[in-house]
Amino acid sequence: MNKYSKITLDGLIYQNPTFMLVLGTCPTLGLIKTASGAAGMGLTVVVILTLSNIIISALRKIIPSQVRIPAYIVIIATLVTLARMILEKLMPDLYDTLGSFLALIVVNCIILGRAEAFASKHTVVESAVDGIATGLGFTAALTIMGIICEFFGSGSIFGLQIMSFKIAVLAQPAGAFLVYGICIAIFVYIMDNIERAKRIKKNKALTHETLAENTPVGAEVA
């Protein structure tokens with residue numbers, strides 16, 4: 001596996017910011033009651049995270065370590081301001097849906113965390129891949145939960161009415177919290193099973209290799 005594949009898989013799955021690291025819970029719980037709001041926030045974060053990673057990586061040798069966090073916040077705040085202006089002009093409905101959560105992207109721990117943990121230590125290309133992968137991991141998680149909450153809470157998906165049966169609590173903040181917890185539990189359970197299967201396969205391979213080394217020449221290994 002090359003480094004770009006590893007970065008991509010980490011961002012999407014193994015270090016998924018929503019299900020594995022449980023970061024950015026404020027916009028997650030606030031926006032997953034509708035699939036469109038969840039997807040809109042996720043894609044906005046993809047753009048801002050990728051651009052901030054690129055800029056911070058390009059300037060990592062110039063920014064003094066003593067002021068790196070304030071510098072990161074200034075860069076991210078500038079990008080968020082531009083994003084707000086563009087969304088307000090071109091996509092007013094999405095702008096209204098995101099509301100105050102859009103401004104909170106400035107201090108989103110996912111973006112600041114990737115800036116500090118990755119972009120400040122890696123090349124521009126690697127940081128761009130990390131930004132895209134982590135952002136898409138965040139978007140996928142929010143969209144999945146948004147679809148669940150909207151479908152069962154309002155009977156629709158992306159605003160398209162599917163059924164009349166509704167579970168009202170899932171359209172409320174408490175329902176978002178419940179769905180978030182269940183999704184985390186399912187995701188972690190799946191990942192644990194995958195890791196367990198990998199360990200079993202590795203142990204079998206090591207056992208077979210050990211037997212092969214200890215078997216006299218000419219004998220067969222079972």
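None of 138, 151, 177, 187 is surrounded by 14 or more Cβ atoms within 10 Å (Cβ to Cβ), in a helix (DSSP H, G or I) and touching a strand residue (DSSP E or B) at 6+ places or on another chain (Cβ under 6 Å) except 151. Can residue 68 be described as modelled with pLDDT under 95, out of contact with any Asp or Glu (no Cβ under 7 Å at 6 or more places or on another chain), surrounded by 18 or more Cβ atoms within 10 Å (Cβ to Cβ) and over 29 Å from residue 174 (Cα atoms)? The answer is no for residue 68. Just one of (1) within 30 Å of residue 193 (Cβ to Cβ); (2) touching a helix residue (DSSP H, G or I) at 6+ places or on another chain (Cβ under 6 Å) fails for residue 21. It is (2).
On the stretch given as region 1-38, residues that are part of a loop (DSSP other than H, G, I, E, B) and more than 14 Å from residue 137 (Cα to Cα) total 5. Would you be able to say whether some residue in region 173-193 is touching a residue at least 40 places away in the same chain (Cβ under 8 Å) and of a type in the set (Gly, Ala, Ser)? Yes.
When region 37-62 is filtered for residues that are surrounded by fewer than 18 Cβ atoms within 10 Å (Cβ to Cβ) and either of a type outside the set (A, V, I, L, M) or over 18 Å from the mean Cα position of the chain (by Cα) (or both), the ones remaining, listed by number, are 58, 59, 61, 62.
For region 79-128, a residue qualifies if it is under 16 Å from the mean Cα position of the chain (by Cα), open to solvent by less than 40 Å² (accessible area, probe 1.4 Å) and not hydrophobic (A, V, I, L, M, F, W, C), and the qualifying residues are 108, 113, 127.
The values are calculated or read from the model by the stated rules, or taken from the named source; none is laboratory data. Computed from a predicted model, the values in this text were never measured in an experiment. FYI the Cβ positions are ideal-geometry reconstructions off the backbone, even for glycines, and counts take in every protein chain you see. Heads up: the accessible areas ignore ligands, DNA and RNA and are worked out on the full protein's heavy atoms, side chains in. Shrake-Rupley method; radii C 1.70, N 1.55, O 1.52, S 1.80 Å.
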